[in-house]
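Novice: I have a structure I would like to understand better, so I am pasting it below and will then ask my questions one at a time.
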Amino acid sequence: MSDTAIFQLAEAAGFAREYRSAFGEQKQATAEALHALLEAVGLPCTSEAQCRESHVRLAALKCGERLPPLVTATVGQPIRLPAVQRLAGRCYRIEFEPGGHVDGRFADDFGGGLELAPVDCGGYHRLLVDDSAITLAVAPPRCFGVADALGAAGAAGVAEPAPGLWALGAQLYSLRRPGDGGIGDFSGLAQLAHAAAGRGASALAISPVHAMFSADVGRFSPYGPSSRLFLNALHIDPGSVLGPDALAAAIDTLDADARSALQRLEQLPLIDWPAAATLRLRLLRRLFEMYSNREAGDELEQFRLEAGDALRDHARFEALHAWRLAHGESGDWRTWPAALCEPRAPGVAAFAAQHAEEVAFHEFLQWQAARGMRGAQQAARAAGMPIGLIADLAVGADNGGSQAWSRQDEIINGVSVGAPPDQLNARGQSWGLGAFSPHAMKAGGFHAYIEMLRATFAYAGGARIDHVLGLSRLWLVPDGASPEQGAYLHYPMEDLLRLIALESWRHRSIVIGEDLGTVPHGFDQQLAQAGLLGIRVLLFQRDGNRFLQPPEWPAKAIATTATHDLPTLAGWWAGRDIEWRSRLDLLEIGQSEAQARDARAHERREMWRALTEAGCASGDLPDSEAGVAPVDEAVRFVAATPAPLAVLPLEDALGLPEQPNLPGTVDSHPNWRRRLPGTVDTLLEQPAAARRLAILDRARPRPGG
């Protein structure tokens, strides 16, 4: 098979043969990588005949002589449809979601495409032509923004410049609460939100709370979930289910060793996920049994009805997954018998009927998790936060998990989302996560994408989209290949941005996009135009070696001191990250630890110069070897930027030296296990934290706060 034929098919399928790396180099994807990726997306190309058939299949996916099931548009702008010749001169009707309709007729000669007159109201409207109907997703021109959350939008819907607000960032699992059994929970989150609001915070950004694998508690990375449609049951506070008396009764059913373990696990500096998760699930199962013995509740049944097939599928997957593992079989659904590989298969229905109580247990867990998350958001808003919780949408879900099993038509099998070599990881990354197929998304009316957005916005006042670069393109790596042997697949960015804007307004939630890494030319401007806030991190805001001064930071991105993948301020100043990377052979290729430390010394001097020039610091350079870091000064610096929202991670508020996650590691660094040194009821009262929050609040006072 010729490389040329593979390259041509890849281009037609949306794969990029060439790209510019984060280091400014022009790179090319290999024919071998593209061949493997094309096979994964259902476009075989081993022979000339297969290539021809794949081109035909691609043309069919692009709808050809019929309208796609969903077309996106923008309020007040003409709605452009594909050129479907048979519709020339046909009459149509648009039925508006709020009610009412308008009739029209397509032109007899429409050249390059059909066009409808602008629609002035956003929503999911219906276009009826002959005996068919499609959805018109008409979105506002931008996402719901910080100014909108403050009620500061102009009469025409254009946001006024928002006063700078500030937020805390928290890894939910790290929160401590007396009686939490060793894992942070939604009750602790509600307490932290109340405390942060009391100090002037407008929002609380949290780590992902997606559903994990209840039967495989050793998998706990919040960015490697089973499903992004549901919540992590391990964050349920058992005491909130039926009350403290019921919890006490449930604990009494545990043996003495288990009761002792609950107290011991609570005190550990690192989460023992397998032990703590197993005990929490035991308690939740006992509480479920106690609940089931009572009169059935209307609230749970209503939750089932509203969640529909998606909840049923997830609960069945959890039950199947647990049963398979318990019987020594593989938990990866891709290796299951054919009768269990399809959610609608009779074999799955039969299994669910035989294990009805187990399926009901997982439905119960999702109900309780939703109650907990909703309660935390209500606590945040009641305490005065205009935004409240900012949820985190992971870039993908595990290929062997619930979402991939239940949404097989939309998710590509046989590839992993990742990143080419860049500043964050010189060797590139492959995350083991599945990706939506852009062709299947369009063919399916973006159903799976919309339901995921709604799940993300459901219980929060904002959403952070991890690796938002995926709206434009995703780096896909064939299974078994190294991260460098991948290629970019392009996505319908305009459609996705419109759907995000539409759902953000329906849920009145701000949207933040993590846009760090290899950024395509013009991408930042596209995000800004859509009202989707980017992220700017202190360590990366430079022009060469010089750190940018606060006025040079953009006004359409949030500002933060760090992210979960980066060293804390104290850790960076001391070179703690260099120590870790040297120990684990993760330094830049060809760089020694001594060279890295010399470079860091220069960076420290440059940062101190920037802090001093901005009037945020004075005096001599703090002594890194003495454990002194300019955390207060850096907080003051970030607060002075024009960003509409400044976010301070709790690790920096407390001046901690260790970061939550070290990219490129799994078990060699305690990723996603560190707990905070103090309980949520007193955490922000610690002198260092209180002082830094006061710095933020003086620089960015909340209107009316």
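The values are calculated or read from the model by the stated rules, or taken from the named source; none is laboratory data. It should be emphasised that the depicted structure is a prediction, and the values quoted were computed from it without experimental measurement. Positions of Cβ are backbone-derived with ideal geometry, glycine not excepted, and every protein chain shown enters the neighbour counts.
Novice: Would you check if Ile465 is farther than 25 Å from Leu539 by Cα, in contact with a Leu (Cβ under 8 Å, 6 or more places away or on another chain) and not small (Gly, Ala, Ser)?
Specialist: Numbers: farther than 25 Å from Leu539 by Cα: no; in contact with a Leu (Cβ under 8 Å, 6 or more places away or on another chain): yes; not small (Gly, Ala, Ser): yes.
Against the criterion (farther than 25 Å from Leu539 by Cα, in contact with a Leu (Cβ under 8 Å, 6 or more places away or on another chain) and not small (Gly, Ala, Ser)), Ile465 does not qualify.
Novice: Another question, if that's okay. From Pro386, Pro421, which residue is more than 22 Å from Gly224 (Cβ to Cβ) and touching a Lys or Arg at 6+ places or on another chain (Cβ under 8 Å)?
Specialist: Details: Pro421 fails: more than 22 Å from Gly224 (Cβ to Cβ).
Of Pro386, Pro421, the one residue that is more than 22 Å from Gly224 (Cβ to Cβ) and touching a Lys or Arg at 6+ places or on another chain (Cβ under 8 Å) is Pro386.
Novice: If you go through the stretch 22-42 one residue at a time, how many are buried (at least 20 other Cβ atoms within 10 Å of the Cβ) and not in a helix (DSSP H, G or I)?
Specialist: 2
Novice: Additional query: What are the residues in the stretch 674-699 that are out of contact with any helix residue (DSSP H, G or I) (no Cβ under 7 Å at 6 or more places or on another chain) and basic (Lys, Arg), if any? Before you say what the answer is, go through the steps one by one.
Specialist: Applying the first criterion (out of contact with any helix residue (DSSP H, G or I) (no Cβ under 7 Å at 6 or more places or on another chain)) to the stretch 674-699 yields 677-679, 682, 685-688, 694, 697-698.
Selection gives Arg698 alone.
Novice: Continuing with the same structure: Take the stretch 335-353 and flag every residue that is more than 17 Å from Ala215 (Cβ to Cβ) and part of a helix (DSSP H, G or I). Walk me through how you get there before you give the answer.
Specialist: First, the residues of the stretch 335-353 that are more than 17 Å from Ala215 (Cβ to Cβ): 337-339, 341-347, 349-350, 353.
Within the stretch 335-353, Ala338, Ala339, Pro346, Gly347, Ala349, Ala350, Ala353 qualify.
Novice: Please give the number of the condition Leu300 fails out of (1) out of contact with any helix residue (DSSP H, G or I) (no Cβ under 6 Å at 6 or more places or on another chain); (2) farther than 26 Å from Trp672 by Cβ; (3) part of a helix (DSSP H, G or I).
Specialist: So Leu300 meets the others, but not (1).
Novice: Here is a further query. Could you pull out the residue among Glu115, Glu95 that is among the acidic types (Asp, Glu) and touching a Pro at 6+ places or on another chain (Cβ under 7 Å)?
Specialist: Glu115
Novice: So, Ala250, is that one outside any loop (DSSP other than H, G, I, E, B) and in contact with a Lys or Arg (Cβ under 7 Å, 6 or more places away or on another chain) or not? Write out each step before concluding.
Specialist: On the way: outside any loop (DSSP other than H, G, I, E, B): yes; in contact with a Lys or Arg (Cβ under 7 Å, 6 or more places away or on another chain): yes.
Against the criterion (outside any loop (DSSP other than H, G, I, E, B) and in contact with a Lys or Arg (Cβ under 7 Å, 6 or more places away or on another chain)), Ala250 qualifies.
Novice: Ok, one more. Return a yes/no flag: does the stretch 181-198 have any residue that is modelled with pLDDT under 95 and on the phi > 0 side of the Ramachandran plot. Explain how you work it out, then say what you get.
Specialist: Residues of the stretch 181-198 modelled with pLDDT under 95: none.
Looking for residues that are modelled with pLDDT under 95 and on the phi > 0 side of the Ramachandran plot, one finds none in the stretch 181-198, hence no.
Novice: Within the bounds of the stretch 43-62, is there any residue that is outside any helix (DSSP H, G or I), modelled with pLDDT under 85 and under 26 Å from Pro82 (Cβ atoms)? Write out each step before concluding.
Specialist: Start the filter on the stretch 43-62 by keeping residues that are outside any helix (DSSP H, G or I), which leaves 43-47, 62.
Checking the rest, the ones that are also modelled with pLDDT under 85 come to 62.
Among the residues that remain, those that are also under 26 Å from Pro82 (Cβ atoms) are: 62.
Scanning the stretch 43-62, I find at least one residue that is outside any helix (DSSP H, G or I), modelled with pLDDT under 85 and under 26 Å from Pro82 (Cβ atoms), so the answer is yes.
Novice: Determine, yes or no, whether Ala643 is buried (at least 16 other Cβ atoms within 10 Å of the Cβ), closer than 30 Å to Pro551 by Cα, free of Cβ contacts under 8 Å to residues at least 24 places away in the same chain and of a type outside the set (Phe, Trp, Tyr). Before you say what the answer is, go through the steps one by one.
Specialist: On the way: buried (at least 16 other Cβ atoms within 10 Å of the Cβ): yes; closer than 30 Å to Pro551 by Cα: yes; free of Cβ contacts under 8 Å to residues at least 24 places away in the same chain: no; of a type outside the set (Phe, Trp, Tyr): yes.
So Ala643 fails the test.
Novice: Among all residue pairs at least 6 apart or on different chains, which show Cβ distances below 6 Å where the first residue, located in the stretch 552-578, is part of a helix (DSSP H, G or I) and the second is of a type in the set (Ser, Thr, Tyr) and surrounded by fewer than 22 Cβ atoms within 10 Å (Cβ to Cβ)?
Specialist: Sorted first by the residue in the stretch 552-578, then by its partner, the pairs are Trp573/Ser624; Ala574/Ser624.
Novice: Would you please name the residue that is nearest to Gly590 (Cα to Cα), looking only at residues in the stretch 453-464 that are among the aliphatic types (A, V, I, L, M) and surrounded by 23 or more Cβ atoms within 10 Å (Cβ to Cβ)? Working first, answer last.
Specialist: Here is the first cut: in the stretch 453-464, the ones among the aliphatic types (A, V, I, L, M) are 453, 455, 458, 460, 463.
Checking which are surrounded by 23 or more Cβ atoms within 10 Å (Cβ to Cβ) leaves us with 453, 460, 463.
Details: Leu453: 42, Ala460: 45, Ala463: 39 Å.
Checked the stretch 453-464; the qualifying residue nearest to Gly590 (Cα to Cα) is Ala463.
Novice: Same structure, new question: Condition first: over 28 Å from Ala60 (Cβ atoms) and aromatic (Phe, Trp, Tyr). Now tell me which residues in the stretch 81-127 satisfy that.
Specialist: Once the filter is applied, which keeps residues that are over 28 Å from Ala60 (Cβ atoms) and aromatic (Phe, Trp, Tyr), the stretch 81-127 yields only Phe96.
Novice: Let me ask something else. Working carefully through the options Arg464, Arg498, find the one that is at negative phi, at pLDDT 95 or above and not in a strand (DSSP E or B). Talk me through it step by step, then tell me what you get.
Specialist: Values: Arg464 fails: not in a strand (DSSP E or B).
Exactly one of Arg464, Arg498 is at negative phi, at pLDDT 95 or above and not in a strand (DSSP E or B), namely Arg498.
Novice: For the stretch 241-279, which residues satisfy the criterion of being crowded, with 18+ Cβ neighbours inside 10 Å and among the small types (Gly, Ala, Ser)?
Specialist: Within the stretch 241-279, Ala250, Ala261, Ala275, Ala276, Ala277 meet the criteria.
Novice: A further question on this structure: Of the numbered conditions (1) assigned to a helix (DSSP H, G or I); (2) buried (at least 19 other Cβ atoms within 10 Å of the Cβ), Glu484 fails exactly one; give the number of that condition.
Specialist: (2)
Novice: Same structure, new question: Between Ser504, Ser582, which is modelled with pLDDT of 95 or more, surrounded by fewer than 22 Cβ atoms within 10 Å (Cβ to Cβ), among the hydroxyl-bearing types (Ser, Thr, Tyr) and in a helix (DSSP H, G or I)? Can you show your working first?
Specialist: On the way: Ser504 fails: surrounded by fewer than 22 Cβ atoms within 10 Å (Cβ to Cβ).
Being modelled with pLDDT of 95 or more, surrounded by fewer than 22 Cβ atoms within 10 Å (Cβ to Cβ), among the hydroxyl-bearing types (Ser, Thr, Tyr) and in a helix (DSSP H, G or I) holds for just one of Ser504, Ser582, which is Ser582.
Novice: Identify, please: which residue in the stretch 266-320 is aromatic (Phe, Trp, Tyr) and under 29 Å from the mean Cα position of the chain (by Cα) and is, among those, farthest from Thr335 (Cα to Cα)? Before the answer, list the steps.
Specialist: Restricting attention to the stretch 266-320, the residues satisfying the condition of being aromatic (Phe, Trp, Tyr) are 273, 288, 291, 303, 317.
If we keep only those that are under 29 Å from the mean Cα position of the chain (by Cα) too, we end up with 273, 303, 317.
Details: Trp273: 26, Phe303: 32, Phe317: 14 Å.
My answer is Phe303.
Novice: Give the stretch 609-659 a look and list any residue that's more than 33 Å from the chain's Cα centre (by Cα) and part of a helix (DSSP H, G or I), or say none.
Specialist: Of everything in the stretch 609-659, those that are more than 33 Å from the chain's Cα centre (by Cα) and part of a helix (DSSP H, G or I) turn out to be Arg609, Thr612, Glu613, Ser624, Glu625, Ala626.
Novice: Okay, next question. Quick one: would you say Gly372 is touching a strand residue (DSSP E or B) at 6+ places or on another chain (Cβ under 7 Å) and modelled with pLDDT of 95 or more? Before the answer, list the steps.
Specialist: Numbers: touching a strand residue (DSSP E or B) at 6+ places or on another chain (Cβ under 7 Å): no; modelled with pLDDT of 95 or more: yes.
Answer is no for this residue.
Novice: Still on this structure, please answer the following. For the stretch 263-297, which residues satisfy the criterion of being at pLDDT 95 or above, outside any helix (DSSP H, G or I) and closer than 18 Å to Arg371 by Cβ?
Specialist: Those that are at pLDDT 95 or above, outside any helix (DSSP H, G or I) and closer than 18 Å to Arg371 by Cβ: none in the stretch 263-297.
Novice: Is it true that some residue in the stretch 106-116 is loosely packed, with under 13 Cβ neighbours inside 10 Å, farther than 27 Å from Arg506 by Cα and either of a type in the set (S, T, N, Q) or at pLDDT 95 or above (or both)?
Specialist: No, there is no match, as no residue in the stretch 106-116 is loosely packed, with under 13 Cβ neighbours inside 10 Å, farther than 27 Å from Arg506 by Cα and either of a type in the set (S, T, N, Q) or at pLDDT 95 or above (or both).
Novice: Report whether or not Leu471 is crowded, with 23+ Cβ neighbours inside 10 Å, within 18 Å of the chain's Cα centre (by Cα), under 17 Å from Thr518 (Cα atoms) and at pLDDT 95 or above. Spell out the reasoning first.
Specialist: On the way: crowded, with 23+ Cβ neighbours inside 10 Å: yes; within 18 Å of the chain's Cα centre (by Cα): yes; under 17 Å from Thr518 (Cα atoms): yes; at pLDDT 95 or above: yes.
So Leu471 fits the description; yes.
Novice: Also, quick follow-up: Determine which member of the set Gly428, Gly384, Gly401 is on the phi < 0 side of the Ramachandran plot and of a type outside the set (Ser, Thr, Tyr). Let's see the steps before the verdict.
Specialist: Values: Gly428 fails: on the phi < 0 side of the Ramachandran plot; Gly384 fails: on the phi < 0 side of the Ramachandran plot.
Sole residue among the options that is on the phi < 0 side of the Ramachandran plot and of a type outside the set (Ser, Thr, Tyr): Gly401.
Novice: Another question about this same structure. Show the residue pairs that are 6+ apart or on different chains and have beta-carbon atoms under 6 Å apart, the first residue being within the stretch 677-703 and crowded, with 19+ Cβ neighbours inside 10 Å, the second being modelled with pLDDT under 95 and not aliphatic (A, V, I, L, M).
Specialist: Arg700/Gly164
Novice: So the check is Cβ under 6 Å with 6+ separation or different chains; which pairs have a first residue in the stretch 366-384 that's over 19 Å from Tyr173 (Cα atoms) and a second one that's crowded, with 17+ Cβ neighbours inside 10 Å and small (Gly, Ala, Ser)?
Specialist: Cβ pairs passing all conditions: Arg381/Gly388; Ala383/Ala197; Gly384/Ala197.
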